[in-house]
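The values are calculated or read from the model by the stated rules, or taken from the named source; none is laboratory data. Computed from a predicted structure; not experimentally measured. Cβ placement follows ideal geometry from the backbone for every residue including glycine, while neighbour counts extend to all protein chains displayed. Keep in mind that these areas ignore ligands, DNA and RNA; they rest on the heavy atoms of the full protein, side chains included. Shrake-Rupley method; radii C 1.70, N 1.55, O 1.52, S 1.80 Å.
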Amino acid sequence: MKNQITNALSDFFFEYETPRQVLVRNRRVGVVCRLIQLGVLAYIIGWVFIYEKGYQSTDTAVSSVFTKMKGVGYTNVSGSERVWDVADYVFPPQGDSSFVVMTNYIITEGQKMGKQTLCMFLFQGQMTGVCVEGTKTCEVLAWCPVEDDHNIPDPPLLMSAENYTLFIKNSVTFPLFGVTRSNLVEGIDADYISKCLHDPKKAPLCPIFRLGDIVKLSGFSFETIARVGGAIGIVVDWTCNLDVDVKHCKPQYNFHGLYGNPAETDKARASVGYNFRYAKHYMEDRIQKRTLLKVFGIRFDIIVQSLARKFDIIPTLTAIGSGVGIFGVATVVCDLVLLYLLPKREFYKNMKFKYTDTHTQVSSFCL
Amino acid sequence: MKNQITNALSDFFFEYETPRQVLVRNRRVGVVCRLIQLGVLAYIIGWVFIYEKGYQSTDTAVSSVFTKMKGVGYTNVSGSERVWDVADYVFPPQGDSSFVVMTNYIITEGQKMGKQTLCMFLFQGQMTGVCVEGTKTCEVLAWCPVEDDHNIPDPPLLMSAENYTLFIKNSVTFPLFGVTRSNLVEGIDADYISKCLHDPKKAPLCPIFRLGDIVKLSGFSFETIARVGGAIGIVVDWTCNLDVDVKHCKPQYNFHGLYGNPAETDKARASVGYNFRYAKHYMEDRIQKRTLLKVFGIRFDIIVQSLARKFDIIPTLTAIGSGVGIFGVATVVCDLVLLYLLPKREFYKNMKFKYTDTHTQVSSFCL
Amino acid sequence: MKNQITNALSDFFFEYETPRQVLVRNRRVGVVCRLIQLGVLAYIIGWVFIYEKGYQSTDTAVSSVFTKMKGVGYTNVSGSERVWDVADYVFPPQGDSSFVVMTNYIITEGQKMGKQTLCMFLFQGQMTGVCVEGTKTCEVLAWCPVEDDHNIPDPPLLMSAENYTLFIKNSVTFPLFGVTRSNLVEGIDADYISKCLHDPKKAPLCPIFRLGDIVKLSGFSFETIARVGGAIGIVVDWTCNLDVDVKHCKPQYNFHGLYGNPAETDKARASVGYNFRYAKHYMEDRIQKRTLLKVFGIRFDIIVQSLARKFDIIPTLTAIGSGVGIFGVATVVCDLVLLYLLPKREFYKNMKFKYTDTHTQVSSFCL
């Protein structure tokens, strides 16, 4: 018994089977098949491996973004001068990845709860039920005076926002590869940051952006977007090949309008128009009052887009393995040509196949 | 020498090897093997290609969301009427993808820094060290009067929130395919938006949602969630087949409760209960005071879920290649049956194999 | 005609082709080839299937995070005592996944619009054009008094922040597998949460974190980061094998500094330094005033990282199929050895190949 197992094992280890093949010496079939095979090989090596980097596995990053605005705005509305600093024009103040820079506003000061007769179509409060007959007006409870937002200031009150600067800090981690990168890459140190200004050509890695430049690169007119507001996406693109030194893994910055309606022809116009209402509450003479701001501004969304690739044995061998399979398909195609299309197909069939049943005894006798 | 290379090349190009095969004429084996092969073929074509669309590569989107609430609330607490507009009940005001709509509150007005003797268990401040013996109370420095949040108003003060509407703008980009879509798809123009209200059946693409509808579709009772707060996820699902016209790439909206504890049986109840404290600071008589709001509300998280698919040569050929491999496995299975299970197995072995060593000389003589 | 098709079909179903093979009895080649084949098999079963779980498909989650801080701070600045509660020190208040806990501040009270002569380098406003000759100073319109942020309070005013606690609620959904999980997993009920405090070893699933612990686990000194601010990422890692019971799908919490500059050697120092300005507006004597806070604090980013795996027929069969392909490569390698390197290569060539043209008639006669 033990002997039998040993024999079977030695048989298994000392034997090796290799398929028997017919070597077809036919110029036409040979050239066609070799070309097909070379094509498959070129596809596997050239396309899958070199061009698409099929030997790499991919990963997207988890990321974290912090922003900081700089700059001072100035308004002079009918003689009343005012300065706007970061604490006044950025919403929210704490440096989120999505924030709004106020560029225009309609201010309604000293609002308090009160009852007012209003045109129904301006309705901004709770109806008291007292309606004035014939005039389509009713008495409503509302914050009075009611905001009048029919005229958006033109030119925008805070055109100076064009010169504000935005500083972006972004950190990405590719968990699969254990790689963490910051947009303050090698060479972008405190010294460089204190002087630089982002420019797609001259300073593509500088993380300080002038608002006017961002808007221009997104294809908008600053004056339009500043007047009625708009939404702009700042894409930080991390496309990294981690097979080369990690220091080549650098961000690229792109800018484009958001929320466009593809049905409209003028894509830029579609993204324009962004506002929200914001109230500052205070007490005056023991009465609760508020200052209502209808804020028109540019909403910036920092969108981190990432794709890292690194050599991995699994996709490599999967690509090779399935490449071999494709090779098999090439052989099947050639066989079809050989066995069904060529004039000498019967001869090749006899060469290739051996039959197990009686009516082919003759042909299989010595083949 | 040059001649030799030319010969080798011409040999290589004009020759073509194809495996020799035994054509086994055995009904049982034939049927079994053909069925296995047809099964594999059906799997590859039917399952991998048609059902799972294995010829496509996939990508998830980077996205950006903007929200806007509309509606006016009204409260009448012991004769004091008040109107709540968007600037009062949405936190934060600027239209983020995650925000809270206040539906109930406990207000503590006119808080100022002071010392107060408090029950230890209500402790909300800094102990001064002065404790009243025997009563388990100590003097603490705190914002006085201290908030009393034992009784949550019932019914909720802002039940009118049920009729507020939410407008969602969402833009997605599939970077791999270079496709950008907005939830304002073809046909959802300004005109339609001004009139429509989302309904899963009648108006599934309308981006205007009534709060009461959202809560109902999530499986909650509006009154419960409005009283103690809750968290609801609004999933915008972009599952797109980009091989067909891009205009068929449309969002689907789903609603469900968030943060449920799976251990609890009543999943809906688990998600209920959301509040935070918010203070409005002001000066009165040169003293800093604040109005503290314990806000109960519905926290909405707009969650963008995306999966786009498009024809790609790599997964196609990988699927074909590995399908050929699976075919090989089918052949191996059939061979095992043929060589080890059939009564005539020795005959088939001799047909299939040729041996290279002496003791098989006889059998290999004419095979 | 019908007969012909029936014949073709029965031929197809009752026949079955299997490749003819040469069984090479050569110890060296046998052992080498068998070892190569066993290696390939070990790779496919051991590495691809068992180690890398190649039979599973993967999915990342969409997630939603809610946070809640607890704790009271106390400051005593030159005799003026003050208590800071959650509504005072968390920005924004509504429990977002990214928020700031104030740990130090520079307060500038009672700012109002005014003109002031300022050193040019402190410039924080709009120049009026009136400059004082020879002194490098100009008159500017600004919020007066201007903030003096040259001296950051040391020790930080709110060192008590070390004992604040953070409660994280996190819900993840793997859309591909239809699985939703909350970080309040089985066993983490209201009772447990009311008593527990996160500890990497003793209570790894408790979602209540002491700020001092988080900072320590990130490798920072609390006093340093509290003084000048900093950014810390709290990674909630959901790595789940959904082939086992879903209750084993549990989160892991990790902590690390964000936005570090890899060029600097001391990574911890690189992440230090976070502040923003925040203004509280109020009216006093009909004049708009504001209290400006330069807030130094710890910015927490809750980063959800997820990877779920589950058995899927497609990757399983792709792995098997491409494994068969790799097997084919192994055979090709063995054939190269057999046909080009062995001394008896001509003999093996004759065994393996049959030639179709005349000059090989002799050798193919009885082979």
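Within the accessible surface of chain C, defined with a 1.4 Å probe on protein heavy atoms only, the carbon and sulfur portion equals 57 percent.
Roughly how many debye, to the nearest 20, is the charge dipole of the protein assembly as shown about its Cα centre, given +1 on each Lys and Arg Cβ, -1 on each Asp and Glu Cβ, and no other charges?
Here the protein assembly as shown has a charge dipole of around 4020 debye.
Cross-link pairs exceeding 21 Å in C-alpha to C-alpha distance, out of A:310/C:247; A:169/A:250; B:294/C:294; C:68/C:201, comprise A:310/C:247; B:294/C:294; C:68/C:201.
Computed with a 1.4 angstrom probe on protein heavy atoms, the B-C interface buries about 6700 square angstrom of accessible area in total. Scanning chain B for trypsin sites (Lys or Arg not before Pro) that sit in a DSSP loop and have at most 11 other Cβ atoms within 10 Å, the longest stretch containing none of them is B:1-135.
Near residue C:274, the amide H atoms lying under 5 Å from its own belong to C:229, C:230, C:297; only residues 5 or more places off or on other chains count, and H is placed 1.01 Å from N.
Taken about its Cα centre, chain A carries a charge dipole of roughly 1360 debye when the Cβ of each Lys and Arg holds +1 and the Cβ of each Asp and Glu holds -1.
Tell me, what is the Rg over Rh of the range A:47-98, with Rh the Kirkwood radius over Cα pairs?
1.47
In this structure, the amide hydrogen of residue C:283, modeled 1.01 Å from its nitrogen in the peptide plane, lies closer than 5 angstrom to those of A:283, B:283, C:289, counting only residues at least 5 positions away or on a different chain. When all alpha carbon pairs of the range A:145-212 are counted in 10 Å bins from zero, the resulting P(r) reads 16, 32, 22, 15, 12, 3 %.
Relative to its residue count, the protein assembly as shown spans a Cα convex hull of 257 Å³ per residue.
Each copy carries a label point for residue C:316 at 7 Å from Cα along the beta-carbon vector; from one copy to the others these points are 2.8, 2.8 nm apart, nearest first. Annotation: aspartates and glutamates with alpha-carbon distance below 12 angstrom to residue A:53 (same-chain offsets under eight excluded): A:243, A:312. Within the protein assembly as shown, antiparallel bridges make up roughly 85 percent of the DSSP beta bridges whose residues both belong there. Other residues with beta-carbon under 9 Å from the beta-carbon of residue B:13 carry, at +1 per Lys or Arg and -1 per Asp or Glu, a net charge of 0. The mean accessible area for residues of chain A, using a 1.4 Å probe and ignoring ligands and nucleic acids, is 46 Å² per residue.
With only Cα atoms counted, the range B:152-296 has Rg and Dmax values of 19.9, 69 Å.
Taking amide H positions as modeled 1.01 Å from N, with prolines and chain starts lacking one, the residues under 5 Å from residue C:179 and 5 or more places away or on another chain are C:174. Inter-copy label distances at residue B:191, using a point 7 Å along Cα-to-Cβ, come to 6.3, 6.3 nm with the shortest given first.
Dipole of the protein assembly as shown computed with +1 at Lys/Arg Cβ and -1 at Asp/Glu Cβ about the Cα centre; of C:97, C:343, B:58, farthest Cα towards the positive end is C:343.
The residue list C:21, A:239, B:241 was ranked by how far each Cα lies along the charge dipole of the protein assembly as shown toward its positive end, using unit charges on Cβ atoms, and C:21 comes out on top. Our helix-only sum for the protein assembly as shown, with -39,500 (n - 2.57) per DSSP H run of n ≥ 4 divided by its residues, gives a mean residue ellipticity at 222 nm of -7500 deg cm²/dmol.
Each other residue within a Cβ distance under 9 Å of residue A:106 adds +1 if Lys or Arg and -1 if Asp or Glu, for a net charge of -2.
Placing dummy labels 7 Å off each Cα toward the beta-carbon, the span from residue B:109 to residue C:7 is 10.3 nm.
Projected area of the range C:1-84, taken from the Cα convex hull and averaged over every viewing direction, in nm²?
Its Cα hull, projected and averaged over all orientations, spans 18.6 nm².
An ellipsoid equivalent to chain A, defined through the eigenvalues of its Cα gyration tensor, has semi-axes of 74, 28, 21 Å when rounded to whole angstrom and sorted largest first. Would you mind checking the tilt of helix A:313-336 against the longest principal axis of the Cα atoms of chain A, expressed as 0 to 90 degrees and rounded to 10? Relative to chain A, helix A:313-336 is tipped by roughly 50 degrees. The angle separating the long axis of helix B:27-42 from the principal Cα axis of greatest extent in chain B is about 40 degrees.
Only Lys, Arg, Asp and Glu carry charge here, each on its Cβ (+1 for the first two, -1 for the last two); on that basis the range B:11-67 has a dipole of about 620 debye about its Cα centre.
Provide the net charge surrounding residue C:288, with neighbours chosen by a C-beta distance below 15 Å and charges set as Lys +1, Arg +1, Asp -1, Glu -1. Once all neighbours under 15 Å are counted, the net charge is +1.
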